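Read-outs throughout are calculated quantities, based only on the coordinates presented, and are distinct from any laboratory measurement. Being a predicted model, the structure only gives us computed values, none of them experimental. FYI the Cβ positions are ideal-geometry reconstructions off the backbone, even for glycines, and counts take in every protein chain you see.
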Amino acid sequence: MNEQDRLAGRMEDFRRACIARGIRLTHQRLEIFRELASTDEHPDVETIYRKVKIRIPTISLDTVYRNLRFMAEEGLIAVVGLSNERQRFDANRSDHHHFVCIRCGAIRDFLSEKTKKLTPPREAEEIGRPVSVRLEVKGICRECEKNT
Ligand SMILES: [Zn+2]
Ligand SMILES: [Zn+2]
C-alpha cells in the first residue's frame, strides 16, 4: 500500500468512526487528523501544530492540543510515548503495538499474531473505561545500536 492510499484509508476510517459516534467533523478536526495520519512518526503536539498552521494560519497551539485530547478521549487516536516525555499522538487505528527506543525516543509500529486481540484485564476496568490495549516494548532501536 502506498502512502497516498494509506492516508486516504485512515481518513475514511476516521470519518466513519466520527459519524458512528456522533462526533462533528469540523474543518479543524479533519486537518489535524490529516496531518497526524500522514506520518508514522507519532509526532508531538508542536510538530502537528506547525504543519496544520500552514493550512489554517489562524489556528492556535491550544486549539490543536484540545482537539488532540478530545480525539484521544474518544478513542479516535492514541496518546503514546514515555510517561516522562511530551505526549505524542498516533492516528494508526489498526490493531498494533509500539517499540519505543529509550535512547532516541523513536516510536515504531509493529504487528504480531501473538498479541492480536488483547482484551483489557478486569483490574484495568476497575480503574476506568478502557479505550484500547497496546503493548509497549522498550529497548534500543537498530539505528541507535549501530551508532554505539
Ligand atoms: Zn533509537
Ligand atoms: Zn502507533
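The table below lists the values:
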| item | result |
| --- | --- |
| Amide H within-cut-off set for ALA106, under 5 Å, with H built and near neighbours excluded | CYS101 |
| Dipole in debye (nearest 20) - the chain, about Cα centre, beta carbon charges: Lys, Arg +1; Asp, Glu -1 | 240 debye |
| Cα-based shape type of region 19-58, given that a ≥ b ≥ c are square roots of the gyration tensor eigenvalues and the cut on a/c is 1.5 | oblate |
| Cα gyration tensor category, rounded, prolate or oblate, for the chain with a/c compared to 1.5 | oblate |
| Gain in span if fully extended, SER132 to CYS144, counting 0.36 nm per residue against the direct Cα distance | 1.4 nm |
| Proximal aspartates and glutamates relative to LYS51, as straight alpha-carbon distance under 14 Å, when same-chain residues fewer than 8 apart are discounted | GLU31, GLU35, GLU41 |
| Cross-link table LYS114/LYS138; LYS53/LYS138; LYS116/LYS138, entries beyond 29 Å C-alpha to C-alpha | LYS53/LYS138 |
